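Notes follow once the structure below has been shown.
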Amino acid sequence: MTDLSELSSLETQLLAEIEAASDEASLEALRVAALGKKGSVSEKMKTLGSMDPETRKTFGPALNGLRDKIATALTEKKAALADAALDARLAAETLDVSLPVRETGLETGRIHPVSQVTDEIVAIFSAMGFSVAEGPDIETDDYNFTKLNFPVGHPAREMHDTFFLPQKDDGSRLVLRTHTSPVQIRAMEASKPPIRVICPGRTYRFDMDQTHTPMFHQVEGLVIDQSANLGHLKWVLEEFLKTFFEVPSVELRFRPSFFPFTEPSMEVDVRCRRLPNEVRIGEGDDWLEILGCGMVHPNVLRNVGIDPDVYQGFAWGMGIDRIAMLKYGMPDLRDLFNADARWLAHYGFRPLDFPTLAGGLSS
Amino acid sequence: MKLGASEIRGVPSAGMLCSGRELGLSEESDGILELPADAPVGKPFAPVIGLDDPVIEIAVTPNRSDCLGVHGVARDLAAAEIGTLIEPGLNPVRGAYPCPVNVRLDFGDTPPLSPLFALRMVRGVKNGPSPEWLQRKLKSIGQKPINALVDVTNYLTFDRGRPLHVFDAAKVKGDLVVRRGRAGESFAALDGKDYALDETMCVIADDHGVESLAGIMGGASTGCGADTVDVLIESALWDPLAIARTGRALNIHSDARHRFERGVDPAFTIPGLELATRLILEICGGEASELVVAGEVPERDLIIDFPISEVKRLTGLVVAPAEVKAPLSLLGFWVSGHGETLKVAVPSWRPDVEGKADLVEEVVRIIGLDKVEASPLPQAQSLAAARLSPVQRRARTARRTLAARGLVEAVTWSFVSRQQATSFGGGKPELALANPIAADLSDMRPSLLPGLIAAAQRNADRGSGDVALFEVGQTFLGDRPQDQRMQATGVRRGTAKARGTGRHWGEQALPVDAFDAKGDALNVLAALGLSASSVQIAQGAAPAWFHPGRSAALQLGPKVVLGAFGELHPRVLKALGVSGPLVGFEITLDALPAPKAKATRAKPPFEGSALQPLSRDFAFLADRDTPAGELIRAAQAADRKLVTRVDLFDRYEGPGVPEGKVSLALAVTLQPRDKTLTDARDRGDFGTDRGAGRESHGRDAARLTAAVVPGLTRDPEPTT
């Protein structure tokens, strides 16, 4: 009869063979040879039935233990072989991940600075309760001038170098709007006070040099209610400018001026520092003229059927292109309308950099 | 100009010898300027020759005609407590004899262009260069001294804002008449030019004809020179609008016009003439006549009731009555009353002041705008209201969508050349500017494409031809507000395809094609809430500037045209002088249907079936010109509930497919709703691509096939 030492040497031999197996096939052969129907361990298990109870008590657990050990060893070896095989495969499968992917969408697309800055302006003023109003670029003389208190034939009209469309049979001529102020008239005609609107848009003047282009962008603002005064106007402009330029404070200087549609009228300078390639707003000892504003002229209110003794308000206007150039350090106005892809890639904004007050205007 | 030490022909030179002209001191350039022998060496030049008088430039706004003379500026400064205004007393000159020339205002029954004309002769004058003090004053402000008589008039123009005119009496024939010009009349002016007149213009004429263009420029024939012995001095008032109109029409910019069209002080007409007489008598001697005055000084007795509270109402600034009265009085307003409301009379030299708001401006600008405290604008009534209109929202969505697809936003001129306009459906006469700034910026753009195409070509000319540009902006179909549209338009050039630009190791650099533009257009529409399946692709319906066979209109039903996409027409590109490959699209943002008013923001419940979807492939043999889109639509329409997705995954023509035919392969995804599709329904109803026999049993497959254009047959041997 088999003795325990024989079992022990069988175990040693099988474990050594399993350990030495180099692939899954030889491991399977070993499994069959040991645990298969006629395998060496199975053959031994068959002898248990013929053993006397005493002997079986000893051999039973020993044989079961041997079988489990071998089975475990086979499983582990199988996993190890599979791991090794995978490692070997992976070692052969490397990619040169330094190869470039194609640049698409978000990487190459850009938003024009004028659009971005318009969105910034809208973000600020919408938080202050202003809606965005628009009107046509081709305007009547009446909306562009007369309703805005520019008397017919008055030299104040010549402050605006106007583009005209052909004369009509009735002698009238349409114009390209010289400012977005006609949108204010349209807004006042379309709704009753209280009114809070900003009017961004394209405007046109017959002028072309380093600092003028025949087409440019303006944003105007208008507040009409029963209490809006110059103090409120100052506050609105200060809040806007510091939020827009993303500085903790701005200092403004209001100078009396003249616009036909406001009374009193003012031009506004902002404290700044001029550096070789940029102008820093909110610091320094220099001043920069940045916008025009005033209290809406009583004649303008009368022209749209609003009683100037009951209602009052203020308006302001500034160049979008100009404040965009100031904020983002673009030196030449004419570049804005040149569509040079290199310039746009340099000064343009990433598609998802959507300006919000919550997220900070610029990223 | 920067001067420095340098070597000239081997000789070191520490400076430069200059002529008066080179230094901007005189017009003559007859050699080097010689300084007096005792001129101190090493001292600044300007003080030595007495040119260190500071020049203060004042940009006078068009409303402040009173500040077009030194006196008016002084008055304003005095009101701001900078110095004291000196008002010299003025005694009229007693005339020694009646003025031999008479004056008549003759406007017939037309509106008068002059309310007042005063004239006086000074006889026996000696005209010549004016005295040093007068010449110096004129030169210091850039005026050229001419002769004493003319210099006096120019001096008063700048000193008192009162333009005058002097005639040589010997050259005037008969009396003067102030009247409208006549069509066909011409006038030889002092500037040596002839001007054609008409009846909108006001002139001064004698028996010879027109001698002066009223308020704008004198005539050559009656000008004063060294030989003038008897002079006629004119001081008059003119209709400002007529002056402005005439000046514009004849393109004459004179100091007189500048003042008369803005408004001179009517009350100073006669005093101005007296002042001029005194100066002429002083400088040129002679004897003054009595005045001849035609017309009268127009009265403008404007008294404004001015509540002091108006200052606070408009500015927020609280002021005491004294703070209101003092500056107004110093500015020449006559202020009376002690209560809350003052009576304020407006001086004759302030035509700009009409009402309360003007007085608030006067008070606040003198007190100081910096005294007005910023105060927060009260919160708006509602936070909830949308601040943007639907079209504004669409514009910003379109912008970000296109940029996210890799296109770069451009802003191009709203005007294009006539040829560009005509090539893109424009060129209407009412949209051509009467005064374009350049020949190639003459017409309002009917489309954004010409600007973008030209921009793409400019980039190509600079060496970067693979560009994808877009613009979201206004275009013009006519000159009415409703003819202006907001469009989102893009172009792709060269290899600037949606999936990448230029050469790449993993993919070929293919030229852009109509599908790149189609993708851009459909992306914009998708971002705006219109799915590709709801948009019709109308082949052959794109505008004429697209390639007729490689383009389509994008439509919602037969009427609503959202836009178009495709290759640009080669003839158009040739006419514009640009090269391709070039594709583009246009979307009219105003054309999208208005958003429906919704009762709730809640979405319908989600129905996620627990059952597995199935995918079945079908191949069809179709005529080559069968639009694949129709096949897809037909497949979708076969069972709208069951068919959740149709993908066209193969298109093949060539060997194995009959001439003129194309094999189209669809993958149809079926989503069972209630129960698993039985094999019979799945296979029987929809068929497989294995046998025509089974297909005949399929009710839905028949529908599928029948719905597709006639002539379509199932491809018995699918290509995949």
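Take every DSSP beta bridge whose two residues both sit in chain A; close to 95 percent of them are antiparallel. Subtracting the Cα-Cα distance of B:Asp625 and B:Thr676 from 0.36 nm times their residue separation leaves 14.6 nm of extension gain. Applying Stokes-Einstein at 4 °C and 1.567 mPa s to the Kirkwood radius of the range B:390-591, computed over alpha-carbon pairs, gives a translational diffusion coefficient of 77 µm² s⁻¹.
A Förster distance of 45 Å, applied to the separation of the beta-carbon atoms of B:Leu383 and A:Ala345, puts the FRET efficiency at 0.75. Close amide H partners of B:Ala236, meaning residues 5 or more places away or on another chain with modelled amide H under 5 Å apart, are B:Ala118. For the segment A:295-304, counting C-beta atoms of other chains within 10 Å of every residue's C-beta and taking the mean gives 2. Projected label points at B:Glu282 and B:Ala345, each 7 Å from Cα along the beta carbon direction, are separated by 3.0 nanometres. In a simple Cβ point-charge model (Lys, Arg +1; Asp, Glu -1; nothing else charged), chain A has a dipole of about 580 debye relative to its Cα centre. If you average the alpha carbon positions of the range B:642-667 and of the range B:12-76, how far apart do those two centres end up, in angstrom? Cα centroid of the range B:642-667 versus Cα centroid of the range B:12-76: 86 Å apart.
Using the average count of surrounding beta-carbon atoms within 10 Å as a protection proxy, the listed peptides A:185-197, B:203-215 rank, highest first, as B:203-215, A:185-197.
Would any residue of the range A:22-56 have its amide N under 19 Å from a label point 7 Å out along Cα→Cβ of A:Ala82? List them or say none. Taking a point 7 Å out along Cα→Cβ of A:Ala82, the residues of the range A:22-56 whose backbone N falls under 19 Å are A:22-32. The phi-based Karplus calculation (6.51 cos²θ - 1.76 cosθ + 1.60; θ = phi - 60°) puts the 3J(HN,Hα) values of the range B:133-138 at 4, 6, 4, 4, 4, 5 Hz, whole numbers, x for Gly and Pro. Entry note, chain B: the mean residue ellipticity at 222 nm calculated from DSSP H runs of n ≥ 4, each adding -39500 (n - 2.57), is -7500 deg cm²/dmol after division by the residues and rounding to the nearest 500. Per 20 Å bin, what percent of the C-alpha pairs of chain B does each bin hold, from zero upward? Calculated over all Cα pairs of chain B, the distribution is 12, 25, 25, 20, 13, 5, 0 percent. Applying 1/(1 + (r/R0)^6) with r as the Cβ-Cβ distance of A:Leu4 and A:Ala33 and R0 = 35 angstrom yields a FRET efficiency of 0.95.
Placing R0 at 30 angstrom, the Cβ-Cβ distance between B:Phe45 and B:Lys371 gives a FRET efficiency of 0.10 after rounding to 0.05.
When each of the peptides A:217-226, B:534-543, B:647-656 is scored by how many other beta carbons lie within 10 Å of its residues on average, the order from highest to lowest is A:217-226, B:534-543, B:647-656. Report summary: the helix-based calculation at 222 nm, which adds -39500 (n - 2.57) for every DSSP H run with n ≥ 4 and divides by the residues of chain A, gives -12500 deg cm²/dmol.
Per-residue shielding of A:251-259, expressed as the average number of other chain Cβ atoms within 10 Å of the residue Cβ, stands at 4. Peptide B:368-374 is shielded by partner chain Cβ atoms: per residue, an average of 6 of them sit within 10 Å of its Cβ. Could you state the number of Å between the C-alpha centres of the range A:281-300 and the range B:379-430? If you average the Cα positions of each part, the centres end up 29 Å apart. One chain, two ends: B:Glu34 and B:Leu241. Fully extended at 0.36 nm per residue, the span grows by 69.6 nm beyond their Cα-Cα distance.
Taking 23 Å as the straight-line reach from the Cα of A:Lys69, the lysines in range (excluding those fewer than 8 positions away in the same chain) are A:Lys37, A:Lys38, A:Lys44, A:Lys46, A:Lys57, A:Lys77, A:Lys78. Partner lysines whose Cα lies under 21 Å from the Cα of B:Lys596, excluding those fewer than 8 positions away in the same chain, are identified as B:Lys559.
Taken one residue at a time, the phi angles of the range B:147-153 give Karplus couplings (6.51, -1.76, 1.60, θ = phi - 60°) of 8, 4, 5, 5, 4, 4, 5 Hz. Gly and Pro are set to x. Distance between the pseudo-spin-label points of A:Met45 and B:Asp53 (7 Å out from Cα toward the beta carbon): 12.7 nm.
Each peptide among A:95-107, A:120-132, A:33-45, B:229-241 gets the average number of other Cβ atoms lying within 10 Å of its residues, and from highest to lowest they stand as B:229-241, A:120-132, A:33-45, A:95-107. The convex hull built on the alpha-carbon positions of the range A:4-92 has an orientation-averaged projected area of 5.7 nm².
Throughout, read-outs are computed from the coordinates displayed, never taken from laboratory work. What you are looking at is a predicted structure, and each value in this text was computed from that prediction instead of being measured. In this analysis, Cβ positions are derived from the backbone assuming ideal geometry, glycine residues included, and neighbour counts consider all displayed protein chains.
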